[in-house]
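Below is one structure; the comments refer to it alone.
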Protein chains: 2
Amino acid sequence: MGEVVECVPNFSEGRRKEVVDQIAYSISSVPGIKILDVEMDADHNRSVITFVGDRSSIQEGAFQGAKTASELIDLNTHSGEHPRMGALDVLPFVPIQNITMEECVEIATSVGERIARMLGIPVYLYESAATVPERRRLEQVRRGQFEGLRESIATESDRQPDFGPTKVHPTAGAVAVGARMPLIAFNVNLDSSDLEIAKAIARKIRASGGGLPHLKALGFDLKEKGLVQVSMNLTDYTVTPLSRVFDEVRREAEARGVRVAGSEIIGLIPLDAVCDITARFLKLDGFVSNQVLERRIWC
Amino acid sequence: MGEVVECVPNFSEGRRKEVVDQIAYSISSVPGIKILDVEMDADHNRSVITFVGDRSSIQEGAFQGAKTASELIDLNTHSGEHPRMGALDVLPFVPIQNITMEECVEIATSVGERIARMLGIPVYLYESAATVPERRRLEQVRRGQFEGLRESIATESDRQPDFGPTKVHPTAGAVAVGARMPLIAFNVNLDSSDLEIAKAIARKIRASGGGLPHLKALGFDLKEKGLVQVSMNLTDYTVTPLSRVFDEVRREAEARGVRVAGSEIIGLIPLDAVCDITARFLKLDGFVSNQVLERRIWC
């Protein structure tokens, strides 16, 4: 069973399909790379390309994506709802199989250095690859966005990049390169039209409110369904099991007299997380994902 | 994503490792075959080889296994606890991916015909491949075992094989060839030392007692653990979800004042079954196994 690193770059282009196609093509042209998913969002004017490879091919694929984006995207003419500071805006590496987080930090550091040196783009290391605690959180790294960073990078000492010039690239901006655990996007819909209930539950259960570690949560109104939603990102399911997240939301909802209407996983979920839920639900002793038939077939 | 058929032959040899190795080698020598598991049981004097392939390689692998077993195993000198009628005793084909049960019935029929014609072994088609309802159940097909069948095959009209001579092979006996769904072996341990409770629950929930469809169940005493166990085989998890099986056992146990101590999956479980449990537990809408990250990587 070989090593598998996942890379999930976010690019500041969600409308011109030919641009996103060209970026994806430059990544997939690297031997050993497999693209799993390409998602474009026109409102956010942003796209996310998910691909996997071993440590060597993933570095080359990530660099080629950064290079193509820097040639085709001009942030001076870019607008969209999502905050951004670069053509390639965020570049996280995720350990999937037979590779550690420490090794993914090394990969991020090495690719970040190369992007800065070869493309002249300032690079900030974030999350597990951060060199100072204040840069762990992406929101912190990206504050001010492209336009604000153009000023602050030269004038504010704490805005010095980890690699590259203290001057944003004229068209490609700056980029955050990091390493993180697989993220699970999980929404629970509540049988209520009271947005305040979803917001109150989100505030109570999220990590920033003293709730569950590694959980981000917001309350939303699903007007067309007549429901409200607790929308979550779980950034480390090995610390906070997804089953625990569900149980907490249900408990908080029931304490407010509200029933869970249903839930959804957005995008992908690691096999280990699915096996963990199965093991907890069935009270399984010693269940491992290697007991999944298809895993034996595929690996 | 290619087609995947699983084949799980049972051979009447569980003590001489060199014989089982030679059978496994003859199967794995067929291009396109991947062996997932080899299990030998000395008490039962029986072994189970699990392998996968596409429809063409699986037929060749199964035939080569049957041929090698017929050359190396002599049922006249075989004894063990498990009922058996052939050197290769049972040969089921299981649809895993991009293949239907009907196609697995065709495979079973074709391999069965070839085993009878080339090796001179009488073949009985069973489960989904059965040609008459009475032959669906393996226990029924195998009644009397090797020794009994030697007499009854020629004298009793309902013992006529589907293919091959009305005379058992002098050393290799006869074989049951069939098609079936993946089987899940699932045990639930109860925090009690009262064997009668486990037996009563088993009788109530199993299909033969009017309980859950496609469920077989027995009660066992786990003396060294001080627990009793409901030991089950679920032969079609798409009809009876595994989560339902667990819920029923727990409910029946609690009705008798007994707590579930834990449970275990023996051997392999299909990814779809694990995803089904996850979806039911989290009340997920529209969750599919294609959302499992590793499935995207491997397929």
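Working only within region A:7-42, note down all residues that are among the aliphatic types (A, V, I, L, M) and exposed (fewer than 14 other Cβ atoms within 10 Å of the Cβ).
Result: A:Ala42, single match.
Residue-wise test of (1) farther than 21 Å from B:Pro122 by Cβ; (2) modelled with pLDDT under 95; (3) touching a His at 6+ places or on another chain (Cβ under 9 Å).
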position: B:Cys7; (1), (2), (3): no, no, no
position: B:Ser29; (1), (2), (3): yes, no, no
position: B:Ile33; (1), (2), (3): yes, no, no
position: B:Asn45; (1), (2), (3): yes, yes, yes
position: B:Phe51; (1), (2), (3): yes, no, no
position: B:Arg55; (1), (2), (3): yes, no, no
position: B:Ile58; (1), (2), (3): yes, no, no
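Looking at (1) closer than 24 Å to A:Arg142 by Cα; (2) free of Cβ contacts under 8 Å to residues at least 60 places away in the same chain; (3) touching a strand residue (DSSP E or B) at 6+ places or on another chain (Cβ under 8 Å), which is the one condition that is false for A:Gln59?
Going through (1) closer than 24 Å to A:Arg142 by Cα; (2) free of Cβ contacts under 8 Å to residues at least 60 places away in the same chain; (3) touching a strand residue (DSSP E or B) at 6+ places or on another chain (Cβ under 8 Å) one by one, A:Gln59 breaks only (3).
When both residues are 6+ apart or on different chains and their Cβ atoms are under 7 Å apart, which pairs have a first residue that lies in region A:276-299 and is among the charged types (D, E, K, R), and a second that is surrounded by fewer than 21 Cβ atoms within 10 Å (Cβ to Cβ) and in a strand (DSSP E or B)?
A:Lys283/B:Val260; A:Lys283/B:Gly262; A:Asp285/B:Gly262; A:Asp285/B:Glu264; A:Arg296/B:Leu36
Has region A:76-94 got at least one residue that is assigned by TED's automatic domain parsing to the domain that holds A:Lys17 and part of a helix (DSSP H, G or I)?
Yes, that holds for at least one residue.
If I ask for residues that are surrounded by fewer than 20 Cβ atoms within 10 Å (Cβ to Cβ), more than 14 Å from every other protein chain (Cβ to nearest Cβ) and not basic (Lys, Arg), which ones from region A:49-77 would you list?
A:Ser56, A:Glu60, A:Gln64, A:Glu71, A:Leu72, A:Asp74, A:Asn76, A:Thr77
Would you check if A:Gly219 is small (Gly, Ala, Ser), out of contact with any Cys (no Cβ under 9 Å at 6 or more places or on another chain) and under 19 Å from A:Arg259 (Cβ atoms)?
yes
Against the condition closer than 30 Å to B:Ser79 by Cα, assigned by TED's automatic domain parsing to the domain that holds B:Arg137 and buried (at least 16 other Cβ atoms within 10 Å of the Cβ), how does B:Val175 come out, does it pass?
So B:Val175 fits the description; yes.
I'm checking my understanding of the structure. Among residues of region A:102-134 that are in contact with a strand residue (DSSP E or B) (Cβ under 8 Å, 6 or more places away or on another chain) and among the charged types (D, E, K, R), which one is nearest to A:Arg180 (Cα to Cα)?
It comes out as A:Glu127.
Looking at region B:238-259, which of its residues are at pLDDT 95 or above and within 30 Å of B:Ile96 (Cα to Cα)? Steps first, please.
At the first step, the residues of region B:238-259 found to be at pLDDT 95 or above are B:239-259.
Residues satisfying the conditions are B:Val239, B:Thr240, B:Pro241, B:Leu242, B:Ser243, B:Arg244, B:Val245, B:Phe246, B:Asp247, B:Glu248, B:Val249, B:Arg250.
In region A:144-195, how many residues are of a type outside the set (A, V, I, L, M, F, W, C) and within 20 Å of A:Leu215 (Cβ to Cβ)?
5
Among the candidates B:Ser192, B:Ser110, single out the residue that is of a type in the set (Gly, Ala, Ser), modelled with pLDDT of 95 or more and touching a Leu at 6+ places or on another chain (Cβ under 8 Å).
B:Ser192
For region A:28-54, which positions are touching a residue at least 40 places away in the same chain (Cβ under 8 Å) and not in a strand (DSSP E or B)?
Result: A:Asp54, single match.
Those residues that are on the phi > 0 side of the Ramachandran plot and out of contact with any helix residue (DSSP H, G or I) (no Cβ under 9 Å at 6 or more places or on another chain), I need them from region A:22-62; list them, please.
Answer for region A:22-62, where residues must be on the phi > 0 side of the Ramachandran plot and out of contact with any helix residue (DSSP H, G or I) (no Cβ under 9 Å at 6 or more places or on another chain): just A:Asn45.
Restricting the first residue to region A:85-103 and requiring it to be within 14 Å of another protein chain (Cβ to nearest Cβ), which pairs with a second residue that is in a strand (DSSP E or B) and aliphatic (A, V, I, L, M) meet a Cβ separation below 6 Å and a spacing of at least six or different chains?
A:Ile96/A:Val4; A:Gln97/A:Val4; A:Ile99/A:Val5
Which of the helices (runs of 4 or more DSSP H) contained wholly in region A:227-299 include at least 1 residues that are within 8 Å of chain B (Cβ to nearest Cβ) and of a type in the set (Asp, Glu)? Before you say what the answer is, go through the steps one by one.
Working: elements: A:242-255, A:271-281, A:293-298.
Ranges flagged: A:293-298.
Touching a helix residue (DSSP H, G or I) at 6+ places or on another chain (Cβ under 9 Å), free of Cβ contacts under 8 Å to residues at least 12 places away in the same chain, more than 30 Å from A:Val123 (Cβ to Cβ) and in the same structural domain as A:Val260 (by TED's automatic domain parsing) - does that describe any residue in region A:206-220?
yes
Could you check how many residues of region B:4-21 are touching a helix residue (DSSP H, G or I) at 6+ places or on another chain (Cβ under 6 Å), outside any loop (DSSP other than H, G, I, E, B) and more than 14 Å from chain A (Cβ to nearest Cβ)?
Total meeting the criteria: 2.
For region B:235-248: of the residues being in contact with a helix residue (DSSP H, G or I) (Cβ under 6 Å, 6 or more places away or on another chain) and not aromatic (Phe, Trp, Tyr), which is surrounded by the most Cβ atoms within 10 Å (Cβ to Cβ)?
Going residue by residue through region B:235-248, those that are in contact with a helix residue (DSSP H, G or I) (Cβ under 6 Å, 6 or more places away or on another chain) are B:237, B:241-243, B:248.
Now narrow it down to the ones that are not aromatic (Phe, Trp, Tyr): B:241-243, B:248.
On the way: B:Pro241: 17, B:Leu242: 24, B:Ser243: 19, B:Glu248: 20.
For region B:235-248, the residue satisfying everything is B:Leu242.
The values are calculated or read from the model by the stated rules, or taken from the named source; none is laboratory data. The structure displayed is predicted, hence computed values, not measured ones. Positions of Cβ are generated from backbone atoms using ideal geometry, with glycine treated the same way; all protein chains shown enter the neighbour counts.
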